[in-house]
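First the structure, in the form of C-alpha cells, and then the observations on it.
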Amino acid sequence: MPHIRIAWISADGGECEEAWPSVERFRAWALAESLHCDWRAYEEDEEGEWVLIDEGRV
C-alpha cells in the first residue's frame, strides 16, 4: 500500500511529518485527537520526488 507523507504545523507552531495510508485516515485521526493544524500531503512520483497532492486545515 503506498503511503502518503503528511506534514503539519500545529497551532502552537510545532512541526511534524509522518507517513499515513491516506489523507482521510490522517484527517480522521486529527479530528479524533482535537488537533488544530494546517497540513500538506505529498505522494512520491515515478522519479522518487515528493509531489503535493492535497492541503488543508483541521
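The values are calculated or read from the model by the stated rules, or taken from the named source; none is laboratory data. Bear in mind the structure is a predicted one, so any value in this text is a computation, not a measurement. Note that we place each Cβ from the backbone using ideal geometry, even for glycine, and neighbour counts take in every protein chain shown. For accessibility, only protein heavy atoms count, side chains too; no ligands or nucleic acids. Shrake-Rupley method; radii C 1.70, N 1.55, O 1.52, S 1.80 Å.
Residues checked against (1) surrounded by 13 or more Cβ atoms within 10 Å (Cβ to Cβ); (2) outside any helix (DSSP H, G or I):
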site: Arg5; (1), (2): yes, yes
site: Ala30; (1), (2): yes, no
site: Ser34; (1), (2): no, yes
site: Arg40; (1), (2): yes, yes
site: Glu43; (1), (2): yes, yes
site: Gly48; (1), (2): no, yes
site: Val51; (1), (2): no, yes
site: Asp54; (1), (2): yes, yes
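With the requirement that a residue be more than 8 Å from the chain's Cα centre (by Cα), open to solvent by 30 Å² or more (accessible area, probe 1.4 Å) and within 15 Å of Gly56 (Cα to Cα), what does region 17-26 give you? Before the answer, list the steps.
Let us first name the residues in region 17-26 that are more than 8 Å from the chain's Cα centre (by Cα), namely 21-22, 24-25.
So of that shortlist, the ones also open to solvent by 30 Å² or more (accessible area, probe 1.4 Å) come out as 21, 24-25.
Result: Glu24, Arg25.
Taking the conditions exactly as written (in a loop (DSSP other than H, G, I, E, B) and open to solvent by less than 60 Å² (accessible area, probe 1.4 Å)), does Gly13 satisfy them or not? Full working, then the answer.
Numbers: in a loop (DSSP other than H, G, I, E, B): yes; open to solvent by less than 60 Å² (accessible area, probe 1.4 Å): yes.
Against the criterion (in a loop (DSSP other than H, G, I, E, B) and open to solvent by less than 60 Å² (accessible area, probe 1.4 Å)), Gly13 qualifies.
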